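To start, the structure itself, in structure tokens.
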Ligand SMILES: [Zn+2]
């Protein structure tokens with residue numbers, strides 16, 4: 001994992017900084033003439049911004065995590081409007097919906113033709129129509145990743161559409177847009193961003209480039225997460241978290257994730273748990289299980305050093321151990337009032353099904369050590 005032979009793909013343009021959302025009309029002027037705007041449940045929130053675009057727009061409301069059905073509806077609305085560019089203004093769900101619609105407009109067909117795991121796995125080989133991603137939460141990093149997660153209620157599963165051609169053409173990251181995030185959303189999205197830096201750092205697919213991104217992302221999370229939760233108006237903390245999310249997205253797109261995301265993806269398919277909360281509850285139990293498994297194997301696995309590096313970055317203590325890092329994470333979960341999975345209806349009897357499905361998820365490929373079905377069940381029981 002420390003080799004010099006690696007690949008790193010990034011296709012989009014990244015524009016970051018407070019106030020830069022005002023540049024959206026100029027960005028769009030070069031990309032298309034009729035716009036499909038994807039927003040959250042309250043499009044009126046962005047009415048002022050949309051009025052400045054000066055282009056005919058249709059709006060797709062993404063009120064919850066997107067489904068296969070919503071992606072189909074988005075494509076139909078875009079075709080009816082004659083949209084040639086997609087703007088997604090919102091959290092990870094909204095951006096994923098925008099990316100899915102943009103890909104389907106470029107490639108034709110149905111989401112199930114392309115979805116991993118539950119679909120036919122057809123290759124995505126045509127460019128998506130241009131998509132401009134404008135995140136209003138600091139979490140998923142969807143503005144720079146190559147996949148979009150769709151839920152299929154009929155399969156009780158979430159799966160990804162994935163292709164380098166799905167990286168948004170422009171990521172317009174303005175931390176001022178996250179200032180109005182309520183504390184529970186700041187907690188959930190911020191803990192997702194933190195996890196998305198940690199998992200690539202310990203992944204067998206890590207490279208010098210993803211190491212740099214993930215390490216800086218953890219440093220930003222340490223500086224900004226608790227502060228942004230305590231005071232949403234703290235723009236420096238908001239900027240740290242927006243940067244953390246961006247760095248995590250670039251790191252995960254190139255180094256994969258791990259068991260936290262393998263399990264969280266499955267949990268999200270069977271219960272209405274915010275993705276970041278699922279990650280947060282699983283984080284410490286997964287680190288514990290991974291470190292235990294790594295220490296039981298051949299001596300000196302490089303992921304052990306990486307967990308210690310993460311602990312140093314999170315605590316700011318040059319001598320911090322993995323245990324100190326775990327203590328910092330647990331303390332943060334308490335400060336941010338993160339509930340356990342039981343609060344969302346997950347029960348011990350669900351552990352078997354969740355563990356079995358998680359074993360085959362694509363995120364598991366980035367876990368530093370193979371975990372058994374029994375290991376995953378034990379992790380889940382600790383996250384309740
Ligand atoms: Zn995530």
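The values are calculated or read from the model by the stated rules, or taken from the named source; none is laboratory data. The structure displayed is predicted, hence computed values, not measured ones. Glycine also receives a Cβ, built like all others from the backbone with ideal geometry; neighbour counts cover every protein chain displayed.
Quick check on this structure: which one of 94, 117 is on the phi > 0 side of the Ramachandran plot, outside any strand (DSSP E or B) and in contact (Cβ under 8 Å) with a residue 40 or more places away in the chain?
117
Do we find that residue 260 is within 19 Å of residue 190 (Cβ to Cβ) and in a helix (DSSP H, G or I) in this structure?
yes
Looking at this structure, is residue 181 free of Cβ contacts under 8 Å to residues at least 60 places away in the same chain and either surrounded by fewer than 24 Cβ atoms within 10 Å (Cβ to Cβ) or within 16 Å of the ligand (Cβ to nearest atom) (or both)?
Criteria met by residue 181.
Are there any pairs with C-beta distances below 6 angstrom linking a residue in the stretch 354-368 that is modelled with pLDDT under 90 to a residue that is part of a helix (DSSP H, G or I) and surrounded by 20 or more Cβ atoms within 10 Å (Cβ to Cβ), with the two at least 6 apart or on different chains, and if so which?
361/262; 361/265; 363/261; 363/262; 364/262
Mind counting the residues in the stretch 172-207 that are assigned to a strand (DSSP E or B) and either farther than 15 Å from residue 241 by Cβ or within 14 Å of the chain's Cα centre (by Cα) (or both)?
Result for the stretch 172-207: 1.
Is there a residue being away from the ligand (no atom under 16 Å from the Cβ), touching a strand residue (DSSP E or B) at 6+ places or on another chain (Cβ under 6 Å) and over 24 Å from residue 173 (Cβ atoms) anywhere in the stretch 82-105?
No, that holds for no residue.
Assess whether residue 349 counts as being away from the ligand (no atom under 16 Å from the Cβ) and either surrounded by 20 or more Cβ atoms within 10 Å (Cβ to Cβ) or farther than 30 Å from residue 68 by Cα (or both).
So residue 349 fails the test.
Determine, yes or no, whether residue 311 is free of Cβ contacts under 8 Å to residues at least 60 places away in the same chain and either touching a strand residue (DSSP E or B) at 6+ places or on another chain (Cβ under 9 Å) or buried (at least 20 other Cβ atoms within 10 Å of the Cβ) (or both).
yes
Please find, within the stretch 270-280, the residue that is surrounded by the most Cβ atoms within 10 Å (Cβ to Cβ) out of those that are within 14 Å of the ligand (Cβ to nearest atom) and assigned to a helix (DSSP H, G or I).
The residue in question is 279.
Would you confirm whether any residue within the stretch 299-310 is closer than 30 Å to residue 155 by Cβ and either modelled with pLDDT of 95 or more or within 14 Å of the ligand (Cβ to nearest atom) (or both)?
no
Taking the condition touching a helix residue (DSSP H, G or I) at 6+ places or on another chain (Cβ under 8 Å) and either at negative phi or touching a residue at least 60 places away in the same chain (Cβ under 8 Å) (or both), does residue 160 pass?
Criteria met by residue 160.
Only one residue in 235, 209 is farther than 18 Å from residue 305 by Cα and in contact with a helix residue (DSSP H, G or I) (Cβ under 9 Å, 6 or more places away or on another chain), so which one is that?
None of the other options fit; the residue is 235.
Name, by its number, the condition in (1) in contact (Cβ under 8 Å) with a residue 60 or more places away in the chain; (2) more than 16 Å from the ligand (Cβ to nearest atom); (3) assigned to a loop (DSSP other than H, G, I, E, B) that does not hold for residue 139.
Of everything listed in (1) in contact (Cβ under 8 Å) with a residue 60 or more places away in the chain; (2) more than 16 Å from the ligand (Cβ to nearest atom); (3) assigned to a loop (DSSP other than H, G, I, E, B), residue 139 misses just condition (2).
With respect to residue 203, is the statement that it is touching a helix residue (DSSP H, G or I) at 6+ places or on another chain (Cβ under 9 Å), surrounded by fewer than 24 Cβ atoms within 10 Å (Cβ to Cβ) and modelled with pLDDT of 95 or more true?
no
Can you spot a residue in the stretch 214-236 that is over 20 Å from residue 321 (Cα atoms), at pLDDT below 95, more than 14 Å from the ligand (Cβ to nearest atom) and assigned to a helix (DSSP H, G or I)?
The answer is no, given that none of the residues of the stretch 214-236 is over 20 Å from residue 321 (Cα atoms), at pLDDT below 95, more than 14 Å from the ligand (Cβ to nearest atom) and assigned to a helix (DSSP H, G or I).
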